[in-house]
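Here's the structure, in structure tokens; my notes come after.
Nothing in this text is a laboratory measurement; each read-out follows from the coordinates by a stated rule. Since the structure is predicted, the reported quantities are computational estimates derived from the model, not experimental observations. FYI the Cβ positions are ideal-geometry reconstructions off the backbone, even for glycines, and counts take in every protein chain you see.
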Amino acid sequence: MLRIVALAFILLSGRLTSATDPPRDSDYDYDPPAAGSYSLPVIKPSADGALLDSNNKSVKLRDLTRGRITLLSFIYTRCAAPKACPYATGVFNQLHDLSVDDETLAKNMRLVSLSFDPEYDTPQRLAAYSDNVRDQKSGCEWSFATAKSRAELETILAAYDQAVDKRQNPADPQGPLYHTLRVFLIDREGRIRNIYSSGTLDPRLVVADVKTLLPENARVSKQ
């Protein structure tokens, strides 16, 4: 586990130190759009499902994707693929760190890491994993959860078009499961507004997208 955590931070070392003023690099050599200078159309409603959180309590996925702007990442803790789970979790760590000093992000953003490896990623393991990957205890909400059963997991994965397959070699150094990296931006009403891949999960863009949705969230909260 510690090796995976270390990998996430190695991948992010030398990258941006601030989501608003990062150095350019070979992956994201562009200027992100200014927040609010563009719109994010609704892609589709986010799906629900029965989960167990890292405290071993039953929770509905819809309860983790309503009321705040939510970033939902499908991961598993045994993953060591460089541009997959460790990278996504490292980006989430950066976003969480940013929210510590940004009250607007702290109050309006939520991070959800959902494991698709329920046999291994028990609530106890997820609790330990969350302690390892989360630098700060304050900041925005960051929830860790997994499906209550394999059948319920498959329903959730299908609803989000999240492909997960077993590798031919279960001892593969990158982990026993193969998957595409998909991180979902979900608005306060539970609607998917963007889907990031390994090539687009730029923290600067994510923050711009979150802040682009903030004004409409304010309108919703007044209704």
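Placing R0 at 35 angstrom, the Cβ-Cβ distance between residue 122 and residue 216 gives a FRET efficiency of 0.40 after rounding to 0.05.
Of the trypsin sites (Lys or Arg not before Pro) found in the stretch 31-85, those in coil by DSSP whose Cβ has at most 12 other Cβ atoms within 10 Å are 57. Rg over Rh for the stretch 116-223 works out to 1.00, using Cα positions for both radii and the Kirkwood form for Rh. For the stretch 52-175, the Stokes-Einstein estimate of translational diffusion at 20 °C and a viscosity of 1.002 mPa s comes to 143 µm²/s, using the Kirkwood hydrodynamic radius over alpha-carbon pairs. Each label was represented as a point 7 Å from its Cα along the Cα-to-Cβ direction; for residue 197 and residue 161 these points are 1.1 nm apart. Net charge in the neighbourhood of residue 43 (other residues with Cβ under 9 Å of its Cβ; Lys, Arg +1, Asp, Glu -1) is +3.
Phi angles across the stretch 66-80 convert, under the Karplus curve 6.51 cos²θ - 1.76 cosθ + 1.60 with θ = phi - 60°, into 3J(HN,Hα) values of 9, x, 9, 6, 10, 9, 10, 10, 8, 9, 8, 6, 8, 5, 10 Hz, Gly and Pro given as x.
You can think of it this way: the chain between residue 62 and residue 138 has 25.0 nm of extra reach, that is 0.36 nm per residue less the Cα-Cα gap. Site pair residue 43 and residue 83 shows an inter-label distance of 1.8 nm when each label is modelled 7 Å from Cα along Cα→Cβ.
How much space per residue, in cubic angstrom, does the convex hull of the C-alpha atoms of the stretch 97-141 take up? All intermediate terms of the calculation are to be shown ahead of the outcome.
Details: hull volume 3.1 nm³, N = 45.
Spread over its residues, the Cα hull of the stretch 97-141 gives 70 Å³ apiece.
Extension gain for the segment residue 30 to residue 130, taken as residue separation times 0.36 nm less the Cα-Cα distance, is 32.8 nm to one decimal. Sites listed here are trypsin sites (Lys or Arg not before Pro) in the stretch 115-223 whose DSSP assignment is loop and whose Cβ has at most 15 other Cβ atoms within 10 Å: 137, 148, 167.
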